[in-house]
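Down below is the structure, laid out as structure tokens.
None of the figures in this text is laboratory data; all of them are computed from the coordinates on show. Because the structure is a prediction, the values reported are computed rather than measured. When we count neighbours, we look across all protein chains shown, and the Cβ atoms used for this are built from the backbone with ideal geometry, even at glycine.
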């Protein structure tokens, strides 16, 4: 199994060229932008490109990431566009500490960094912050991507199992991640590493 990253992995990435830091939202998120409603939580927001994009569309956005440098850069991007975004240094495994509720959550490359136990904890946290009927827009590496470089691979069945209780997967489609062209630390499939985009609706509580 691919080794799971720790905090130092991300600190090191931001000190150099972070492969996921492409200066814009991933194209599949842009393609479903009309379905994303506010208030919006960007879980694992990195340097804020997706949060800035959706804020510019008029949504109220909160972005969290556990790396202070990522949040610092995100705040700079928001200020440059005169956007009011609530960026916070916070671990996505502590969603239960967030008191607000959101109509949408986006996860662009976070789900695949978790261990099995942390994945369960993360999904429970999502259920607490996402309003009943709200949607999660999740992008993660796919087990169709060869090799072991980069993050953990996720199968279709793993996604189905993770959201089996209290959720409905409305869409689960293959896609590819765009990678920062300056990143040379790994080799992925032509066109970018193979991945999934899932749209998952939180069911109403019984």
In a Gaussian network model of the chain with springs linking alpha carbons closer than 10 Å, the residue among 28, 146, 19 that fluctuates most is 146
The exposure ranking of 75, 24, fewest beta-carbon neighbours within 10 Å first, is 24, 75
Restricting to Cα pairs under 8 Å and 6 or more apart, the percent relative contact order of the range 7-202 works out to 21
All alpha-carbon distances of the range 59-175, grouped into 10 Å bins from 0, give the whole-percent distribution 12, 41, 34, 13, 0
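Find the relative contact order for the range 71-137 and round it to a whole percent, using C-alpha pairs within less than 8 Å whose residues are 6+ positions apart.
40
Percent of Cα-Cα pairs more than 32 Å apart in the chain, please.
Values: 1861 of 21115 pairs.
Tail of the P(r) past 32 Å holds 9 percent of the pairs.
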Of 36, 17, 105, the most mobile residue in a GNM of the chain (C-alpha springs, cutoff 10 Å) is 17
All alpha-carbon distances of the range 32-85, grouped into 10 Å bins from 0, give the whole-percent distribution 29, 57, 14, 0
Most fluctuating of 42, 34, 65 in the GNM of the chain (C-alpha, under 10 Å) is 34
Each label sits 7 Å from Cα toward the beta-carbon; between residue 27 and residue 57 the label points are separated, in nm, by 1.7
Computed over the range 11-111, the Cα gyration tensor eigenvalues, each multiplied by 5 and square-rooted, give semi-axes in Å (largest first) of 19, 16, 13
The Rg/Rh figure for the range 121-193, Cα atoms and Kirkwood Rh, to two decimals is 1.03
Rounded to the nearest Å, the spacing of the alpha-carbon centers of the range 82-100 and the range 125-146 is 17
